[in-house]
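Here's the structure we're looking at; comments come further down.
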Amino acid sequence: LPASGRGKAPPELQRRRDRPRAEGAARRRKGAPEPGRNRATVKGRVVKSAIEEYHKKKAENHLRENLQYMLKGRVVANRAVTEKVLAQNRGRKAKDQPPKKAAKKKPEGTVFTEEDFRKFEREYFGIP
């Protein structure tokens, strides 16, 4: 009886044997570092200036150029058209709607004057 697991595998699962040496050699070449070279040393490296690196990576302020660019174009669209476009792009949800403008309330004041109050006192309480 043949031992279990010792049978032939289907052809699609069998390993290809046409070029095993080339693949293995490339893997060995890539994986094994050279024994005589120490990568921890600084020999052969170019020293970079820390100040130059800082200036290269420092954030630039583009505000002035952006403002000049934005102010260069003076074509202003009609307000009604812009409102229409904004309304079309706005969603239907409540969170997408602009806040409702509250009607301005007039400051509450009295309708009656001091003379009206005095006249009322005289008529109601009988005080001269």
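The values are calculated or read from the model by the stated rules, or taken from the named source; none is laboratory data. In this text, all values refer to a predicted model and were calculated from it rather than measured experimentally. For accessibility, only protein heavy atoms count, side chains too; no ligands or nucleic acids. Shrake-Rupley method; radii C 1.70, N 1.55, O 1.52, S 1.80 Å.
Of all lysines in the structure, those lying under 28 Å Cα to Cα from Lys104, and not within fewer than 8 positions of it along the same chain, are Lys84, Lys93, Lys95. Shown for the range 78-128: the carbon plus sulfur share of the solvent-accessible area, taken with all protein chains present and a 1.4 angstrom probe, equals 55%. Bridging of Lys48 to lysines at a Cα separation below 18 Å is possible for Lys56, Lys57, Lys58, once same-chain residues fewer than 8 apart are set aside.
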